[in-house]
Each structure stands twice: as C-alpha cells, then as structure tokens.
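First comes the structure, then the notes that go with it.
Please treat every number below as a calculation from the coordinates, not as lab data. Quick caveat, the model's predicted, so the values are computed rather than measured. Counting neighbours? That spans all protein chains shown, and the Cβs are built from the backbone with ideal geometry, glycine included.
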Amino acid sequence: MSRAPAIEAVDVRRSYDLGAEQVHALRGVSFTVSDGEYAAIIGPSGSGKSTLMHLLGCLDRPTSGTLRVDGRDVAALSDAELARLRNEAIGFVFQAFQLLSRSSALDNVALPLLYRGVPRAERRERAEAALRAVNLGHRLGHRPTQMSGGEQQRVAIARALVGEPRILLADEPTGNLDSRNGAEVMRILEELNAVSGVAVVLVTHDAEVAARARRQVRVRDGLVELDTAAANPAQEPVPDPARGGRVAAAGEERA
Amino acid sequence: MKGWEAFRVALDALRANRLRSLLTMLGVIIGVAAVVVVVSIGAGAREQIESQVEGLGSNLILVVPGEAGQRGAPTVSRMTLADEQLLERVVGDPAAVTARLSSGERIRAGAASAFTTVHGADADMPRVFDRPLADGSYLTATDVDTRRRVAVLGSRTAEQLFADADPVGRQVTVGGTRFRVIGVLAEQGESFGVSQDDEVHIPITTAQRILGVDRVDAFAVRAPNSEVVPAVSRQLHAALKERYPDQPFSAITQTQILGVIGNILGLLTSVLAAIAGISLLVGGVGVSNIMLVSVRERTKEIGLRKALGARQRDVLAQFLVEAVLLTTIGGVLGILIGVVGSVLLDRFSPLPAAVEWWSPVVAFAVSAAVGVFFGVFPARRAGRLDPVVALRTE
C-alpha cells in the first residue's frame, strides 16, 4: 500500500506582514512524518514552533513551499476543505485542554463527529468508547469544571482520537499539569501511539517530555536545527537530546 | 452539521445564559406585544364603531354642507328650516326628516352645572335617530313652532345635574335662559370611554334665537328602506344643489361614514403599529449587540470548533440560529403577552380590543426576520474568525 506520508513538508515558509516589516516565522522547513511515528518538535519560544504547529494542524497555510497532510496539498485547499481535513486527519490536544465548560465530557468528545455529520446515537457511542479508552468511562456525564486537570486532558485526548485521525497534534499537553498527571497523560499518548498507530507530534519545550519521543525535531529561528530521524534512521528512542553532543546533526539544517 | 443540530447547539448556548437571553429578548417581547395590542385596539375600535353606526339604522342619511372627504375649512351652513319641506317632499314623508343645530354650552340646575352639547332639534328626532325616551315626553311640533323653552336631557346630563332625583318638571339654565325639563332620553352607553348621553335637546327655533342665527347645521333623513338609500341620497343632493347652486352639499350615508371611519382608524392603527414596530427594531439592535458580545466572549470556543472541523458556515449557522431563536422565542412570548393584554384591556378597560388572527402570525414572521437581519452581521463575524487567532485569545 503506497500511501502518502501523514505529513510531508518541503521547504515550507511562513511570513507575516506586520505593516512595513515582514516577519519570517518559518524560513524553509522540510521533514516527513510517517504513520505511527512519535515525534517531538522542540525549540525556544519565538523559534517558529507554534507557527509550524498551526501549519501541521491545517489551521494556516504556508506562504511558500509544499505542505502535504494526509497526502493533500494544504495550500491548494479552500477554507471548507481545510476544515474537513482537520476534522478527518488531525486530532488536537492543547495545553489549556480547550473543553467546552457547559458540555459534558461525552458531548465534548463527540464534538468532532458533529462536524462530520455522524448521527447522534453513533456519536455518543463512539465518544463513550473513546472516553473508556482513556479510563474515563465513569465520568461520561461530568462537566470539565467537575474534573481534575489530568482528567480534563484525558477528555481532550479522547476528543482528539474519537474521529480516528492519522495524526495527533499535542501542543504542550503536560504544560498545565503536575508531574504525576503529566506522566499519566504521556503514558496514554504513548500507549495510543503504540496500539492504534496514530502518528503523534508533540510540541513542547519540556526536555523531559521531548526525551520520551522516539524522534526530536529541534526548531530555531524558523529552521530545523536538528532532526534525529535523519541522524538516527532506526528511530530508536533517544535518551537525552537536550544535553548537547548532537552537533553532528547540524548538517540537517537547511539554509 | 445538520440544521437541527445547529438548533440544539444554539438552544444550549441560550440556556447557559438564561438571564442574559431573557433580557435580550425583552426588547423583542415588548415590541411584539405592543404591535399586537395596538392592532387589537384598532380592530376593536372599528368593530365598536361599526356596531354603533349600524345601530343608527342602515337607512339614515345625513345632509351636511361642504363636501365630505374634501380638505379645506369647514363650510358654514346656509341651510334654514325652510329647506326641511324641500327634503320632506323628496322623501315623501314629513316625519322622516329632522333638523339639527348644535352648540357646546354650560347648563346649570341650582348649584349643579355641567358643560354639554346642546342640540336644537324637532319632534321627528326620536323616530329618525331611533332614540326612545326613558322618562317624560319629547319636544312637540308646537314646542318648536312657539319657541318654547323646554328641554329634554340626555341620561348622563340628567344624572350630573339632578343625581337620583326626577328631573322632569325641574328648571335648568342654558346660556342665561331658563328651560323646563320635560323628558329624559334613554341611555345609549359609551363609545371609547366617552358617554353618548351627555346632551340636551331644545326646540331648534329656541336654539336659533339663543345663538342668534337662523341656520340649520344638518338634516337627518330616514329613507323608507336601505335599498333606496343611494337613490334618495342622490335626490336630496340634487334638490339642495338646485336651491343653493354655489354651495357644496353632501348627503352622507351610513356606508360612507363606515368607510371614512374605517380609513381613519386604519391609518391611525398603522401609525401606532409602526411606532410600536420601532421598539421591535430597537429590540433587534439589542440582539445584534448581545450577539457581538457573545461572539467576542466565545472567540476561543469558535477557534476550538474550527480546529475540530467546523466550517465557516457551521459557525455562522450556529450564531445565526441563536439570534433567530432569541427573537422568535421573544416573539412568541410577546404574542402571548399581547393577546392576553388585549383580552384584559377589552374586558377591564373602556378601550375595545379584538385580536386579529393575522397579527400574531405577522408578528412571529417579523420577529424571525428581525433575528435574521440583526443576526447575520455578528454570525458572519464569528464564521470568519481565523482559528489561529481565535485559539490564542484569552
């Protein structure tokens, strides 16, 4: 089965017009994420990793270069087509959970299916299954305000997975959690990645979290500074990329 | 997302902000209720007047100077009592024509006094206008011929001047002249809270002397039956036109009176309903305003929904349905209040009110239209939000 990679970025650039000034947030980024991969995008603030995250999430289009998500050229899609691509190919997990506080866990999780036109009964069934998968089968009717941060993030993960996407994009998923809950969320993400084969892309500045990913993509000044996939094709888990010694990967940098 | 899904999502959002939703609806509720009540009062007034005019009998013709329905200064009558015979010849019945000269005067009886309408009339009045007496007797031909100073009181005037005492045989003073009360007219009731029994009838010849004139304001003619009314009315007009070639006359039939009153009431109702409609418009602006606030407050939610796959039109539909729900729920509440208010007004106030079947239907349609009109702008704004920017909002 010659399926297109989950994500394929070739010389992706993104600049913003701020009045007279042009800000180049991404200055030519290329990499590929295959199905079942588990990658962390790391970099200091202002490095362009948020911009990259928005592009990978199909919330934005590149200024130039080619970005294919689920085999589709993001720049060529209309707003409505992008919305559909997000709905079908991508699951989002945000740092601040982004749950609807008025709605129950079940309704929150079912939300992506609403926009896919799935009938109500099936939505509820699938949302319940997704909540059970993150061990929240007993919390279906609870509202986010009645849950701990760890539980809320698990609801968010269930919501990201309910539509069975190819890619799960997690933006600082442990940023608002204590270490115990953070570890639990990471364990669930790893398990899902292993069991369902969904490609997980984490955006984080937490070295510990990044270290648990099998692949690290380090972004700096709008460029990929380091990509362990190229340095380590076997995609073995890398013990600690944050602790220097990986200057050899500088060759991956694209000018 | 299907239509009823948007409906459910919108209803949830309104429920989450119950007090605000209700306050936002209030403008529409008041506007719709006001329109329904005004239209009901207009319809009630028309019904009441129609029944009153019909009570006069459908074969009554009023002969007045001037051209009915024409603009300009009211014409002073040049008709005199001598014209009565002319009209009587046209109808072929001397008892079917009665003359009238009216003036507002103060009337006194001892210490009591009242301001009232004094009608100079003749013996044929009760038959022509179908006004029976409650007590005593009415003016006679002799009273008129000899300019007697006798008076017949309307029931309300009698009550004002003499309270419970019997007025017949007592004295009243009109314009410095003393009159003996010989009768009291039967009660006619009220119209728009104004008594129809606040009047005094005296012989028309006596009235002419007191006022120092020899004119007659109008003649009322009762045609033998309603079929000949148009023909008789034309003949009356022609006869007078021959006698007074340079003075315009009108012979007004009941149908014409109904038409004129209908036009006036229709116009009045439209103007009042339009004023009430303005509050509906203001209510619409309120809805628009609150929807804009709501879009701003829920920017993050909109961003999230878009990230999860909501298209521009899904978000637009959600907010538009919300606005339309606000105005239509408000509209239904306003209709309920308006209908109940109309019924209560009709029952417990002098104002007549009759709910027209079409007014709630139109009110509902208009409130839905107001929702669409004032909801589109905020909803488009919501739909167009950039998800990246929206998600970043705090």
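Observations
- Between the helical axis of A:120-133 and the longest alpha-carbon principal axis of chain A there is an angle of about 70 degrees.
- Candidates B:Val293, B:Val91, B:Val32: whichever shows maximal mean-square fluctuation once chain B is modelled as a Gaussian network with Cα springs under 10 Å: B:Val293
- With R₀ set to 35 Å, the beta-carbon distance separating A:Asp35 from B:Arg20 gives a calculated FRET efficiency near 0.15.
- Three semi-axes of the equivalent ellipsoid, the protein assembly as shown, Cα gyration tensor, whole Å, largest first: 93, 24, 19
- Between 0 and 90°, nearest 10: helix A:149-161 axis offset from chain A longest Cα axis: 80
- Spin-label pair B:Tyr244/B:Ser349, simplified geometry with 7 Å Cα→Cβ offset, distance in nm: 4.2
- Taking the helices alone, chain B has a mean residue ellipticity at 222 nm of -19000 deg cm²/dmol, built from -39,500 (n - 2.57) per DSSP H run of at least 4 residues and averaged over all its residues.
- Put the Cα centre of the range B:1-36 next to the Cα centre of the range A:118-157 and the gap is 29 Å.
- Gain in span if fully extended, B:Arg8 to B:Glu190, counting 0.36 nm per residue against the direct Cα distance: 60.3 nm
- Dividing the Cα radius of gyration of the range B:76-247 by its Kirkwood radius returns 0.99 for Rg/Rh.
- Here r is the Cβ-Cβ distance between B:Val228 and B:Trp358 and R0 is 30 Å; the resulting FRET efficiency, rounded to 0.05, is 0.25.
- Neighbour count of at most 16 Cβ within 10 Å plus DSSP loop: longest trypsin sites (Lys or Arg not before Pro)-free window in chain A: A:117-242
- Principal axis dimensions, chain B - Cα atoms, whole angstrom, descending: 101, 49, 33
- Between helix A:105-114 and chain A: long-axis angle, C-alpha atoms, 0 to 90°, nearest 10: 60
- Mean separation of Cα contacts under 8 Å (6+ apart) over length of the range B:172-304, as relative contact order %: 9
- Taken along the Cα-to-beta-carbon direction at a fixed 7 Å, the label points for A:Asp17 and B:Leu336 span 5.4 nm.
- Qualifying trypsin sites (Lys or Arg not before Pro) for the range B:312-394 [loop in DSSP, other Cβ within 10 Å: at most 16]: none
- Averaging the sequence gap over all C-alpha pairs within less than 8 Å and six or more residues apart, then dividing by the number of residues, gives the range B:76-247 a relative contact order of 31 percent.
- Value at 222 nm in deg cm²/dmol, rounded to 500, when DSSP H runs of n ≥ 4 in chain A each add -39,500 (n - 2.57): -9500 deg cm²/dmol
- Of the DSSP H helices in chain B, those whose Cα atoms cover at least 18 Å axially and whose Kyte score averages 0.0 or more: B:3-16, B:18-55, B:254-297, B:312-348, B:358-384
- Spin-label pair B:Leu133-A:Ser101: with each label point 7 Å from Cα along the Cα-Cβ axis, the two points sit 8.4 nm from one another.
- Low-density loop cleavage sites - chymotrypsin sites (Phe, Trp or Tyr not before Pro) in the range A:70-115, where at most 11 other Cβ are within 10 Å (DSSP): none
- Eigenvalues of the alpha-carbon gyration tensor of chain A, scaled by 5 and square-rooted, set the equivalent ellipsoid semi-axes at 30, 21, 17 angstrom, largest first.
- FRET efficiency for the A:Ala4 to B:Ala368 pair, using the beta carbon distance and R₀ = 56 Å, is estimated at 0.75.
- The value of relative contact order for chain B, using C-alpha pairs under 8 Å at least six residues apart, is 29 percent.
- Result for chain B in a Gaussian network model with C-alpha springs under 10 Å: among B:Asp93, B:Asp246, B:Asp214, the largest mean-square fluctuation is at B:Asp246.
- Residue-normalised convex hull volume from the C-alpha trace of the range B:222-372: 198 Å³ per residue.
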